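Chemist: Below you will find the structure I want to go over with you.
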Amino acid sequence: MKMKKVTALLLTVAMAATMLAGCGSKEEKAEGKKEDGKTVLKFAAFEGGNGAEIWKNIEKAFEEEHKDVDVELHLSSELDKDLQKDFKNGNVPDVVYYNLGQESGFVETMLKEKAIADISDVFDDELKGKLVGGITENAAAQPYGDGKVYLAPIIYTPTGLWYNKDLFEGANKKYDLPTTWDEFFALGDKAKADGISLFTYPQSGYFDATMYQMLAQAGGIDFYNKAVNYDEKTWTSEEGKKVVDTIAKLASPDYIQADTVANANSDGGFKINQQNVIDGKALFMPNGNWVIGEMANSTPEGFNWGMMAPPKFNADEDNYIYTFTEQMWIPADAENMDLAKEFVKFMYSDTVVDLMLNNKVVNKETNEESAAPIVSPVLGASDKLEDGTIKDTYTLASSDGYEAVAGTWATTKPIDGFDMKATVYGAIDALNTGEMTADQYQKQLVDAWEKLLENVE
């Protein structure tokens, strides 16, 4: 990366009044000098729902293992703004914790400018074998699709299809859990006879994780990575057509709970659709473990949530589970590159795994402390969680025969009049109402991918 180029792109809208560096509380450190014979490692971290203490604890733990290092931690809930100031002043951090998909698009901008370092060598054979399968072989970790890792996944949350566990196991078991789409739709036909719909969705946008998973399931991770980068053959291929036809069948009135579309498009209606799974009106819905908290007040005592991976197309395939990840990365101009890589590798150590699992946050209004475990994609980390549904979802995602897939659609320039979510997910409502056929949906996606490919930045 050329510093002038990236600062010009990142900071053209910066005000002249923002000349003070966000991380420059110690000027000697900002200049990369040593204090008391120690090497300074500048670590910039986003302060969000996980709280601040976890990063302070990791800072201390790294310093304990590296006595000759002084970690300069900069925490901020507006980290993108702080980093813009720092890059403008030439005060480049060595390591950054800030995710893809933020409204600022900061990480995406850095990637476009090739301003993030290749850290593939961090994930050597020893470390790669220690992580959840597929967690670094996806578009989030390998944004250029070149087989090289630039963004280290340090936190992950599996998603899938959520259901009433007691309908599929235990004394009141009524159905067998399906593993393939053929079995899934056969279950839908059986459930219909019992007056239960197969499927609902909170809102059409909740199909994002499901669609990503289906693309990987249909064609493997290489096909998925091409699809999220708008490969022109995505939706005309056999694999892409299989995804379209399956979504169209799933969205049909034969399988979708009757009030789903109306609820999905009303204020707060997404919770009504989620409640329909609790109340036994629909068997499955796409979601993540946050649904447990969202629906806690209306979930009856004794109800047990379960989560499964979306079905496979063929029984002999491995399962893919879409996971939301949070990433750490190293700027290409980091002064202490080797030490920064050592810090990233440290994030997968037993020390950090335990620190994250034992994380606590403080309610700023009540000053009450509560457990807020963070799960690393290290095999076995989730085994240490308290027994329950959330632990079960992680255990599933890290089981043999399951691969993690992560990432999002590639960022493009703004396209006048084009709404990505409405085009890709909103059309699912139209499939249900009959306003759109599977063939029309396929054509809409083909046309959209052509437009998006032309505007990839």
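Chemist: Based on Cβ point charges of +1 for Lys and Arg and -1 for Asp and Glu, what charge dipole magnitude is obtained for the chain about its Cα centre, in debye rounded to the nearest 20?
Modeler: 660 debye
Chemist: Give me the distance in nm between label points sitting 7 Å out from Cα along the Cα-to-Cβ direction at residue 77 and residue 56, one decimal.
Modeler: A separation of 1.6 nm, rounded to one decimal place.
Chemist: Count neighbours as other Cβ atoms within 10 Å of each site's Cβ, and list the GluC sites (Glu not before Pro) in segment 209-272 that are DSSP loop with at most 16 such neighbours.
Modeler: On the way: sites: 232, 238, 239; in loops: 232.
Counting only loop positions with at most 16 other Cβ atoms within 10 Å, the GluC sites (Glu not before Pro) in segment 209-272 are 232.
Chemist: Would you please give the FRET efficiency between residue 415 and residue 36, computed as 1/(1 + (r/R0)^6) with r the Cβ-Cβ distance and R0 = 60 Å, to the nearest 0.05? Working shown, then result.
Modeler: Working: r = 53 Å, r/R0 = 0.89.
With R0 = 60 Å, the Cβ-Cβ based efficiency is 0.65.
Chemist: What's the extension gain from residue 125 to residue 298 if we count 0.36 nm per residue and subtract their Cα-Cα distance? Please report the intermediate quantities before stating the final value.
Modeler: Working: separation 173, 0.36 × 173 = 62.28 nm, distance 4.67 nm.
Fully extending the segment from residue 125 to residue 298 adds 57.6 nm.
Chemist: Which residues in segment 282-314 have a backbone N closer than 16 Å to a point placed 7 Å from the Cα of residue 366 along the Cα-to-Cβ line?
Modeler: 293-294, 296-297
Chemist: Give me D for segment 236-367 in µm² s⁻¹, whole number, from Stokes-Einstein with Rh from the Kirkwood sum over alpha-carbon pairs, 25 °C and 0.890 mPa s.
Modeler: The estimated diffusion coefficient comes to 124 µm²/s.
Chemist: Please compute the net charge surrounding residue 116, taking Lys and Arg as +1 and Asp and Glu as -1 over other residues with Cβ under 12 Å from its Cβ.
Modeler: Net of charged neighbours comes to -1.
Chemist: Moving to a separate point now. Please get the size of the charge dipole for segment 69-128, origin at its Cα centre, with Cβ charges of +1 on Lys and Arg and -1 on Asp and Glu, quoted in debye to the nearest 20. Write down the numbers at each step before the final one.
Modeler: Values: 6 positive and 15 negative charges, 76 e Å.
Approximately 360 debye in magnitude.
Chemist: If you count only protein heavy atoms and use a 1.4 Å probe, how large is the accessible surface of residue 54, to the nearest 10 Å²?
Modeler: Answer for residue 54: close to 0 Å² accessible.
Chemist: Residues of segment 249-282 with the amide nitrogen closer than 17 Å to a label point 7 Å from the Cα of residue 190, along Cα-to-Cβ, please.
Modeler: Under cut-off, by backbone N: 255, 282.
Chemist: Let me ask something else about it. For labels at residue 236 and residue 222 in the simple 7 Å Cα→Cβ model, what's the distance in nm?
Modeler: 2.1 nm
Chemist: Name the residue from 97, 154, 371 whose Cα lies farthest towards the positive end of the charge dipole of the chain, charges +1 on Cβ of Lys and Arg and -1 on Cβ of Asp and Glu.
Modeler: Result: 97, furthest along the dipole toward the positive end.
Chemist: Right, another one. Compare the Cα positions of 411, 441, 396 along the charge dipole of segment 369-448 (+1 at Cβ of Lys, Arg; -1 at Cβ of Asp, Glu; about the Cα centre) and return the one farthest towards the positive end.
Modeler: 411
Chemist: Right, here's the next one. Where both residues lie in the chain, what percent of DSSP beta bridges are antiparallel, nearest 5?
Modeler: On the way: 23 of 42 bridges.
Beta bridges within the chain, antiparallel portion: roughly 55 percent.
Chemist: Accessible area of residue 226, 1.4 Å probe, to the nearest 10 Å²?
Modeler: Taking all protein chains as shown, residue 226 has close to 120 Å².
Chemist: Can you compute the charge dipole magnitude of segment 151-255 about its Cα centre, using +1 on each Lys and Arg Cβ and -1 on each Asp and Glu Cβ, nothing else charged? Give it in debye, rounded to the nearest 20.
Modeler: 180 debye
Chemist: What fraction, in whole percent, of alpha-carbon pairs in segment 100-241 exceed 21 Å separation?
Modeler: 59 percent
Chemist: Also: Relative contact order (percent) for segment 313-421, with alpha-carbon contacts under 8 angstrom and 6 or more residues of separation?
Modeler: 31 percent
Chemist: Turning to a different aspect of this structure: If R0 is 45 Å, what FRET efficiency do you get for residue 64 and residue 271 from their C-beta distance, rounded to 0.05?
Modeler: Given R0 = 45 Å and the Cβ-Cβ separation, E is 0.50.
Chemist: When the accessible area of the chain is split by element with a 1.4 Å probe, what percent falls to carbon and sulfur?
Modeler: Its accessible area is 45 percent carbon and sulfur atoms.
Chemist: At a Förster distance of 41 Å, what's the computed FRET efficiency of residue 180 paired with residue 103, Cβ-Cβ distance as r, to 0.05?
Modeler: After rounding to 0.05, the efficiency reads 0.60.
Chemist: Just to confirm, what accessible area per residue do you get for the chain at 1.4 Å probe, in whole Å²?
Modeler: Details: 20650 Å² over 457 residues.
For the chain, the solvent-accessible area averages 45 Å² per residue.
Chemist: Could I ask something else about it? Test of understanding: what is the full-extension gain from residue 88 to residue 399, defined as 0.36 nm times their sequence separation minus their Cα-Cα distance?
Modeler: Difference between extended and current length: 107.4 nm.
Chemist: Report the Cα centroid-to-centroid distance between segment 379-457 and segment 262-277 in angstrom, as an integer.
Modeler: 20 Å
The values are calculated or read from the model by the stated rules, or taken from the named source; none is laboratory data. Keep in mind that this is a model prediction, so the values were computed, not measured. No Cβ is skipped: glycine too gets one built from the backbone with ideal geometry, and neighbour counts run over all protein chains shown. For accessibility, only protein heavy atoms count, side chains too; no ligands or nucleic acids. Shrake-Rupley method; radii C 1.70, N 1.55, O 1.52, S 1.80 Å.
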